[in-house]
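J.: First, the structure itself, so that you have it in front of you.
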């Protein structure tokens, strides 16, 4: 029982952590490019900010799967 | 409200003698969106501005450059509203140039002179630090070459020089004390022919002084008594700098005092010139021949009678042609005051094309709902509401911050409502002992929260598809409407029906019928997608489920805010159970923690709510790339002079 709970918790943590890491890595690259584009043309601010947030979906999917693992495991 | 304003194309032909009056009238009306004339005709060329335009633009440029320089001095001028004739403007301009522009030029000259003097002073001070009393002693050496340099590695330099002294490559050296930057100045007398000594030292020096600069300085003060004496030179240069700085200060005071007396006239004259330059500068977008003046553009159709009436007052022989158009017109989105701030969310994305759906009304409803669902705390909502109301009062009308603050008023009200639904007040489940009874407990009913978020997603995505369906019907694109929009809705219905029939085993009609009908519906929708969008449509089928799944962020971001608030409260509350001295720590933790959470709560829900609209909602119907309607006669945002005069 204890081992099962630990594995479930680890699985959920890895799911969430790795997908959040992937989202952060993608956003850092996009953010850098967006800032460079904004420095050249201020009108790009809105679109640049939006594009930076786009990879957040990865973290959301990771969150959903982590919760499913936790509830399924429980 | 669901579509941009209906536009009409207008063409005006008139005699060239009416050019100035027609231009004045159109500028006054503020309804014409100019269509730039591209010369395709031998007879019609791009129009030229009136002959007064040259001196109007000269005055405007003169004012602009002087006002920019004043801004650098920290002086800005408030927007004046006086109407003036061009003759009055010219008087104000000439007066302004004599009292301001000329003095600004002199201030600039003084600054340059002071810069040169300070550079000289810095060099002379180096000699003073080295204990040299007279410059002539430097310039008259024959058997040795003096070198002056600065270094931050004094000890290493001394070791090198000591070696060179023994070898008689260096005759003498002395140095100053290190300053606060650990920089020291050295003067080294190198034996003639041994200049290679400096090659060894160059990596240790921060700057090597050119000796000819000192003789130049000495020559510059030929009339000054004891001009080679360092102390006399220092005093003289410092006196010069002082006197020039005083002159600059007096000039600045004169300028400020002049502007204080005439600020309204100056800013009014500048605004009049700005409008005149805008008015006559854009004349080049019209067309003319030897006898005819031609204007082409767009006006809102509701204004056509007024425009015709007003132009006929200028000359009743003017020929005006107006017709309604279905496409290729600028997008004009006049909204009621309540929803107009939300147009900003379209501006940062892209305006809709003319004659396509304007989603501002939908966004006004759904954006605050999504925001409130994510933040969902009464306390945070209240703080944001107060902050937004303050920002609306303190910021210039229609500026970016003003518009964002107005949007945040709606968003924070929604947060308060959802805060009541979730029973949260700064993360706590009670307000000063009064228990809150949530309809949905966010941290306790996570699965339910996610399901509700998905249902919101299903609703929102399908709303986009339905809007797209009706939009295509309006444009009589029946094939697109049924095969590219309705097909997705049927696909979703088929998918859910199939799940009920085969996986959940729950009958809708009867299990037997369901098991036959559900795959039929699904296959029909796939066939419709194939016909409408080709293979691309089939590949995008998983995408719609991804779109709906994306709405799980409504739950995720909300939960992260709840978790952070919970942690802050858990840290702080134990302090309140101790003696009152500990309460200070508790209050500090609450203040810092909740402020941080509110800051995250402003950015996160805003951006994610926006992203859901742009990516999941707009992509179902939005036709972007509209050209903004810019009426001739309305200056763009940010062009009015603002701020107060700086008083001395």
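Values in this text are rule-based calculations from the coordinates and carry no lab data. A quick note: this is a predicted structure, and the numbers were derived from the prediction, not measured. Cβ sites come from the backbone with ideal geometry, for glycine too, and all protein chains shown count toward neighbours.
J.: Rounded to the nearest Å, what's the spacing between the alpha carbon centres of the range B:560-577 and the range B:105-155? Just the number, please.
T.: 64 Å
J.: Next question, about the same structure. Using only Cα atoms and rounding to the nearest 10 degrees, what angle (0 to 90) does helix B:553-576 make with the longest principal axis of chain B?
T.: Relative to chain B, helix B:553-576 is tipped by roughly 60 degrees.
J.: Something else about it: Nearest 500 deg cm²/dmol is fine: what mean residue ellipticity at 222 nm does chain B get from its DSSP H runs of n ≥ 4 alone, each adding -39,500 (n - 2.57), divided by its residue count? Show your work: numbers first, answer last.
T.: On the way: 21 runs with 360 residues, N = 648.
Result for chain B: -18500 deg cm²/dmol, rounded to the nearest 500.
J.: Further, regarding this structure: Rank these for me by crowding, B:579, B:65, B:609, B:388, going from fewest to most other beta carbons within 10 Å.
T.: Exposure proxy ranking, most exposed first: B:579, B:65, B:388, B:609.
J.: If all Cα-Cα distances of chain B are sorted into 10 Å bins from 0 onward, what percent lands in each bin, rounded to whole numbers?
T.: 3, 10, 12, 13, 14, 14, 14, 11, 6, 2, 1, 0
J.: Also, quick follow-up: So what is log10(I(q)/I(0)) for the range B:170-284 at q = 0.17, 0.20 1/Å, when the Debye sum runs over its Cα atoms only?
T.: -1.07, -1.21
J.: If you don't mind, another one. By per-residue mean of other Cβ atoms within 10 Å, what is the highest-first order of B:164-174, B:324-334?
T.: So the order, starting with the most tightly packed, is B:324-334, B:164-174.
J.: Moving to a separate point now. Residues of A:53-65, mean number of Cβ from any other protein chain within 10 Å of their own Cβ, rounded to a whole number?
T.: Per-residue shielding by partner chains comes out at 5.
J.: Within 10 Å of each residue's Cβ, count the other Cβ atoms and sort B:437, B:594 from fewest upward.
T.: Final ranking by Cβ density, sparse to dense: B:437, B:594.
J.: Round to a whole angstrom and tell me the spacing of the C-alpha centers of the range B:1-80 and the range B:239-318.
T.: Their Cα centres are 9 Å away from one another.
J.: May I pose another question? Given 20 °C and 1.002 mPa s, how large is the Stokes-Einstein diffusion coefficient of the protein assembly as shown in µm²/s, with Rh as the Kirkwood radius over Cα pairs?
T.: 64 µm²/s
J.: Please compute P(r) over all alpha-carbon pairs of the range B:367-499, binned at 5 Å starting from zero, and give each bin as a whole-number percent.
T.: Spelled out per bin, shortest first, that is 2, 10, 13, 13, 12, 11, 12, 11, 8, 5, 2, 0, 0.
J.: Just want to confirm a number: the relative contact order over chain B, from Cα pairs under 8 angstrom separated by 6+ residues, in percent. Write out the running numbers ahead of the final one.
T.: Values: 900 pairs, mean separation 148.5, N = 648.
Reported as a whole number, the value is 23 percent.
J.: What's the ranking of B:418-428, B:276-286 by average number of surrounding C-beta atoms within 10 Å, highest first? Walk me through the numbers on the way to the answer.
T.: Values: B:418-428: 21.9, B:276-286: 18.7.
My ranking of the peptides, most packed first, is B:418-428, B:276-286.
J.: Summarise the partner chain shielding of B:150-159 as one whole number: the mean count of Cβ atoms from other chains within 10 Å of each residue's Cβ.
T.: 0
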